Structures are given as C-alpha cells and as structure tokens.
1. Skipping prolines and chain starts, which residues have an amide H placed within reach, meaning under 5 Å, of the one on GLN100, given they are 5 or more residues away or on another chain?
2. Starting from the 7 Å offset along Cα-to-Cβ, what nm value, one decimal, do you get for the label separation of PHE218 and ASP7?
3. Using only the alpha carbons of segment 127-245, what is the convex hull's orientation-averaged projected area in square nanometres?
4. Can you say what percent of the DSSP beta bridges in the chain, counting only those with both residues inside, are antiparallel? Round to 5.
5. With contacts defined as alpha carbon pairs under 8 Å and 6 or more residues apart, what's the relative contact order of segment 1-157 in percent?
6. Relative contact order for the chain: what is it in percent, counting Cα pairs under 8 Å that are at least 6 residues apart?
7. For segment 133-198, which GluC sites (Glu not before Pro) are in a loop by DSSP, counting at most 12 other Cβ atoms within 10 Å?
8. If you roll a 1.4 Å probe over the heavy atoms of the protein chains, what accessible area per residue do you get for the chain, in Å²?
Amino acid sequence: MDVLIVDDAESVASRGFAFTRRCLDQKSDAVLGLATGGTPLALYALLVAAYDRGELTFDKVRSFNLDEYLGLSPDHPQSYSAYMQRELFGRIDIQSRNAQLPVCEDPEDVDEVCFDYEKQIIGAGGIDLQILGLGENGHIGFNEPASSLASRTRLKTLARGTLEANARFFHAGETQPVTAITMGIQTILDAREIVLMASGANKAAAVAGMIEGPVSAFCPASALQLHPSVTAIVDQDAASQLKLKGFYEWIALQNDRLGRSV
Ligand code: F6R
C-alpha cells in the first residue's frame, strides 16, 4: 500500500483529485467507484471546479457508488442519491443513466438489487478507480467489523457508532435508516486501483489498523493490504498512530525525487 501523509484535509482532497484526474485523462470512459459522507465533499468540489474550467468532462464516465440506505427514495434529501446529485452529478456533464447507486426502496427487492448491481459493475468492465472514505471503526463502504472479506453487494446493518457519526446529516425528527445496501469488500477489491482518503484524529486508530494491523474482518479496511494498487492519502492527524510514519514519508520523498508521484 502506498501511504501519502499530507498536511491537512484540504491537501487530502487535492491529492485525491490528482488521482481522479489522472484516471480520467488516461481513460475518458473510465468507471469510477464513488463514496459519500464528509470526506469526499472537497474532492467533489475540485472535480466540479475543473469541469467548470473546461478541464474535465464526464460525458463518457460511468460511476457506481459504494452504498445507499435501504428504503430511502432517490429524491429523499438524506439519500446518497440526493447527496451525489447535489454535490457532483447535478453539477457536471455525467449522463444520469451512467451514474448508479444501489437504490432499493422495497425490502423485498434487496437480493435482486444486489445481484443486479454486481452484474452492472461487471457489465461496465469493472471499476477503474475506487474512491473510499474510512469509518472510525475501520469500515469501508458500509462493511462494518466482522464483514466477510469475500463479501459482495448485500444488505448490512450499520453499527451504532456509524449511525451516531452520520446522525449529523439528518435533521431532528427525521428517521435515520439503520440498514444500507453496500458493495462488499471483495467488490471493492475487484477495482483496478483504489484511493482511500482520511483526515482527522478520530480516524487515526482505523488508519493504523488498516495499514499496519493484521488483515482481519475486525478492521475491514485492512483487507486493502491484499490489493496491489492502493494509495491511502491521510493527513497528519489521521496518520498520528502510524508506527512507521517516518518510513512512509521517506518513501514519498523518494517518489517525489524520482518524479513518480501523482
Ligand atoms: C460512504 C461510505 C463510508 C464513509 C465513511 C467515512 O459512502 O461508504 O464508508 O466513507 O463512513 O465517512 P466520513 O467521510 O463522513 O467520515
């Protein structure tokens, strides 16, 4: 795993943007895997700004989001579909039929939606670049601790800590769903390249578990150690519990010197 330690959340987003732009420059019909939550907001703002400047087009891009709450319609303001529309899709030229989330309004349809989502990803040729955030408990997508490392898209119950962390996105009195459809860990590992972004001291333990811990379902993000092309972009606070922090900074310095940095 490549570990890039940068100053702050803003720099995490700008490095994440550089990886995304490189992917789109290399392949105009790239397939992106996208995340929601607080972390990718600054990245999406940078993508929108680049689109506004005429530097990027998403006309041929396809995207698959990691997850969506069960039972929320796409126009519910707290659905991840609405989030993506607000923050990215509605502000760039991606074709709406090419921007997918695992939407399931009727619990009876869960199995079909999950099966179909996997089929659609394969049909699109697989994900070229998967963008990930990181939960405080080490989750990626909504693969909470004890998720199978071989899992595929399915319904998951969110951990109490995840619900508490995400309660900030819901207004008082609004029902917060406790289940979501999420890509599985194996679905994520099937992506050709993965960029995980994390900032803040509240992510430090999860970052350490992901990079230096054993590969274990206890910290789902540790499964990324099994992937040959992962870059973890973390800020100083999120990197604060890494034992080999100086080593990762040394490698990044050498890569900069060799002109191998993105
Ligand atoms: C969101 C997702 C989650 C978040 C994670 C971190 O689609 O899959 O894994 O990336 O919960 O959330 P933030 O960025 O809000 O800290």
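The values are calculated or read from the model by the stated rules, or taken from the named source; none is laboratory data. Given the structure is predicted, the values throughout are model-derived calculations rather than measurements. Quick reminder, even Gly has a Cβ in these numbers, built from the backbone with ideal geometry, and neighbours come from all protein chains shown. Calculation scope for accessible area: heavy atoms of the full protein, side chains included, ligands and nucleic acids excluded. Shrake-Rupley method; radii C 1.70, N 1.55, O 1.52, S 1.80 Å.
1. Those lying under 5 Å, H to H, from GLN100 are SER63, PHE64, ASN65.
2. 3.7 nm
3. For segment 127-245, averaging the hull's shadow over all directions gives 7.3 nm².
4. If we restrict to bridges inside the chain, about 30 percent are antiparallel.
5. That works out to 25 percent.
6. Computed over the chain, the figure is 26 percent.
7. Here the sparse-neighbourhood loop sites are GLU174.
8. 45 Å²
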